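For reference, the structure discussed in these notes is given below.
The values are calculated or read from the model by the stated rules, or taken from the named source; none is laboratory data. Here the structure is a predicted model, which is why all the values come from computation and not from measurement. Every residue, glycine among them, receives a Cβ derived from its backbone with ideal geometry; neighbour counts consider all protein chains shown.
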Amino acid sequence: MKLIKKHIPLAIVMVTGVLTLVSYYVPNKLSVNYIETLSQWENIVVAFAFLLGLISLFFSHYNKISRKADGWGYSVFVFVGFLAMVLPAYLSHGKQMTDAGLTPLGWSFKFIYNALSGTMFAVLAFYIVSTAYRSFRIKSMQAFVLFVAAFILILGKVPLGQIIWDSVLGWTGQGVSDVIEWIMQVPAVAGKRGIMIGISIGAIVTSLKIIFGIEKQYMGKD
Amino acid sequence: MLKEQLQKFFKIDRRWIFLLLAITLFVPIMKPIGLPNKTISPATKRVYESIEKLPAGSFVLFSLDYDPSTRPELHPMATALLRHAFSKNLRVGVVTYIAGSTGLIEEIFAKVPKEYNKKDGVDYTILPYQPNVLAVMTQMSSDLYGIYSQDRNGNPIIDMPVMKGVKNYRDMSLVVSVTGTALLDYWVAYVGDKYGVPVAGGVTAISQPGYGPYLQTNQLKGLIGGMKGAAEYESLIKQPGKGTSGIDALNLAHLLVLALILTSNIILLFVKYF
């Protein structure tokens, strides 16, 4: 049993992992074919994962509705939203636009999905502005540095801010765009590069741990 | 007494701030101020130059991966980039890995190609949505027809004039990724670096600072950032659009944020030291 549940999966992970890793660095017909086959398999697996995710989503929300759990009304909209997009897609054979104009799918996209998605994201702007007022307090030296950088960036990113900078600080000879360019090219890049290197090293270590069977959490507890 | 009064400002009902922002945005959207865009960032200019220097007939792959949530920033820049490509008579291929992008792509292509008398299949092709980006990127390195045999309408692409001589990344002059996700990183790491294809990008303003390292090392040929970037690009191609008009609302919104931050900190200072 241990062989089927543990050793064989670990062996598959190790062989696939090593081959995929090697293929990246070996420009050979064999490795290209291997990667192509693996990519096609991956696409098939992803398609099934989509289906699995959909079924799981439906079950979860169906249970909420049938149990009348808190906020079950929102779960109804999962089905309403799904049908509002999938039925028109089926009727329009997946096409959003024809020579005659918008298809039912195109209409649903433009007037349902587009509007709802845009609204959801736009609401964020209100929370960000409110949070900026309530939380951006300079209580330490670090907060002050962050404030100065943020202030310059927010100001310099719009023409009106540039006009204000030029009229107040124009005498310094430094345009706000130059200052922003320096912030973006020096401290921001240094910080981002450090983060990227850290994340990459972490990803490499984790990948190697999975490939060589040191990290086995993905297999579950059994 | 005054301190207590001031401290009340910290606990102001946030709906007042919401109202203030709504008014601030509503006015310029209804009646644009039309402030000139004074500067053009070097990163935006680099994208423009990357397209500008391509000879007519070069194949450019556009990866348009954004949904309506990031539409105000990214749709104008995608439109401006495509206008530029069509005006230079470049061949255009469009891919997407975000299902929500498909309608936005249709929207652009219902309008822009007509302005330049460009035809589907001859001058451009729109490939269907694919869910698994890394697998698709890898497959396209050897033979893109292995993953994209048809366009989004089900027509075979291999015999289309737009695809003539295009089999994989080696036959592409530039990849432009306009995205509100991390897909630009993938284009740089899995395509640009590995296969030597020039990659340029367009991202939201909030993601823009994260691409500094790629720009410095030239892994990214150029980057358009946010609505300002879109406005800059529109001014480079001399075709003002939604980016230029949207920047007015952004002007006042930015200043409102600054005013609010300054106000709260001045109150904090006053409460603390006086």
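So which strands (runs of 3 or more DSSP E) are wholly in the stretch B:140-255 and hold at least 1 residues that are crowded, with 19+ Cβ neighbours inside 10 Å, over 13 Å from the mean Cα position of the chain (by Cα) and modelled with pLDDT of 95 or more?
Here the list reads B:174-179, B:199-203.
Please go through the stretch A:93-151 and pick out each residue that is in a helix (DSSP H, G or I) and among the charged types (D, E, K, R).
Of everything in the stretch A:93-151, those that are in a helix (DSSP H, G or I) and among the charged types (D, E, K, R) turn out to be A:Lys110, A:Arg134.
How many of the residues in the stretch B:217-232 are closer than 15 Å to B:Ala189 by Cα and facing chain A (nearest Cβ under 10 Å)?
1
From the list A:Met1, A:Met85, which one is in contact with a helix residue (DSSP H, G or I) (Cβ under 6 Å, 6 or more places away or on another chain) and either assigned by TED's automatic domain parsing to the domain that holds A:Phe109 or of a type in the set (A, V, I, L, M, F, W, C) (or both)?
Working: A:Met1 fails: in contact with a helix residue (DSSP H, G or I) (Cβ under 6 Å, 6 or more places away or on another chain).
So the residue among A:Met1, A:Met85 that is in contact with a helix residue (DSSP H, G or I) (Cβ under 6 Å, 6 or more places away or on another chain) and either assigned by TED's automatic domain parsing to the domain that holds A:Phe109 or of a type in the set (A, V, I, L, M, F, W, C) (or both) is A:Met85.
With the condition kept exactly as written, say whether any residue in the stretch A:145-161 is more than 20 Å from B:Thr263 (Cβ to Cβ) and exposed (fewer than 12 other Cβ atoms within 10 Å of the Cβ).
The answer is no; no qualifying residue exists.
Considering only the stretch B:1-103, give the helices (runs of 4 or more DSSP H) lying wholly within it that have at least 2 residues that are without any contact (Cβ under 8 Å) to a residue 12 or more places away in the chain.
Output list reads B:2-10, B:14-30.
Quick test for you: out of A:Ile55, A:Ile44, A:Ile112, pick the one residue that is within 12 Å of another protein chain (Cβ to nearest Cβ) and under 20 Å from B:Asn132 (Cβ atoms).
Criteria check complete, one pass: A:Ile44.
Hey, does the stretch B:60-67 have a residue that's within 14 Å of chain A (Cβ to nearest Cβ) and surrounded by fewer than 21 Cβ atoms within 10 Å (Cβ to Cβ)?
So far as the stretch B:60-67 goes, no, none of its residues is within 14 Å of chain A (Cβ to nearest Cβ) and surrounded by fewer than 21 Cβ atoms within 10 Å (Cβ to Cβ).
For every residue, the table says whether it meets (1) touching a residue at least 40 places away in the same chain (Cβ under 8 Å); (2) charged (D, E, K, R); (3) touching a Lys or Arg at 6+ places or on another chain (Cβ under 8 Å); (4) at negative phi.
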| site | (1), (2), (3), (4) |
| --- | --- |
| B:Gly180 | yes, no, no, yes |
| B:Asp185 | no, yes, no, yes |
| B:Gly192 | no, no, no, yes |
| B:Pro198 | yes, no, yes, yes |
| B:Thr244 | yes, no, no, yes |
| B:Leu252 | yes, no, no, yes |
| B:Lys272 | no, yes, no, yes |
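Limited to the stretch A:128-147, what total is found for residues that are facing chain B (nearest Cβ under 7 Å), among the aliphatic types (A, V, I, L, M) and more than 26 Å from the chain's Cα centre (by Cα)?
Within the stretch A:128-147, residues that are facing chain B (nearest Cβ under 7 Å), among the aliphatic types (A, V, I, L, M) and more than 26 Å from the chain's Cα centre (by Cα) number 1.
Scan A:Ile152, A:Ile210 and give me the residue that is more than 8 Å from chain B (Cβ to nearest Cβ) and under 27 Å from B:Gly229 (Cβ atoms).
A:Ile152
Checking A:Ser117 against (1) more than 7 Å from every other protein chain (Cβ to nearest Cβ); (2) hydroxyl-bearing (Ser, Thr, Tyr); (3) under 24 Å from B:Gln130 (Cα atoms), which test does it fail?
Among (1) more than 7 Å from every other protein chain (Cβ to nearest Cβ); (2) hydroxyl-bearing (Ser, Thr, Tyr); (3) under 24 Å from B:Gln130 (Cα atoms), A:Ser117 violates only (1).
Conditions (1) under 30 Å from B:Pro68 (Cα atoms); (2) in the same structural domain as B:Ser207 (by TED's automatic domain parsing); (3) in contact with a Ser or Thr (Cβ under 8 Å, 6 or more places away or on another chain), marked per residue:
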| site | (1), (2), (3) |
| --- | --- |
| B:Asp143 | no, yes, no |
| B:Gln150 | yes, yes, no |
| B:Gly154 | yes, yes, no |
| B:Pro161 | no, yes, no |
| B:Lys164 | no, yes, no |
| B:Lys167 | no, yes, no |
| B:Met172 | yes, yes, no |
| B:Ser177 | yes, yes, yes |
| B:Thr181 | yes, yes, no |
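Filtering the stretch B:83-114 down to residues that are under 27 Å from A:Ser108 (Cβ atoms) and surrounded by fewer than 16 Cβ atoms within 10 Å (Cβ to Cβ), which residue is farthest from the other protein chains (Cβ to nearest Cβ)?
Result: B:Lys114.
Name, by its number, the condition in (1) within 30 Å of B:Ile98 (Cα to Cα); (2) at pLDDT 85 or above that does not hold for A:Phe144.
Of everything listed in (1) within 30 Å of B:Ile98 (Cα to Cα); (2) at pLDDT 85 or above, A:Phe144 misses just condition (1).
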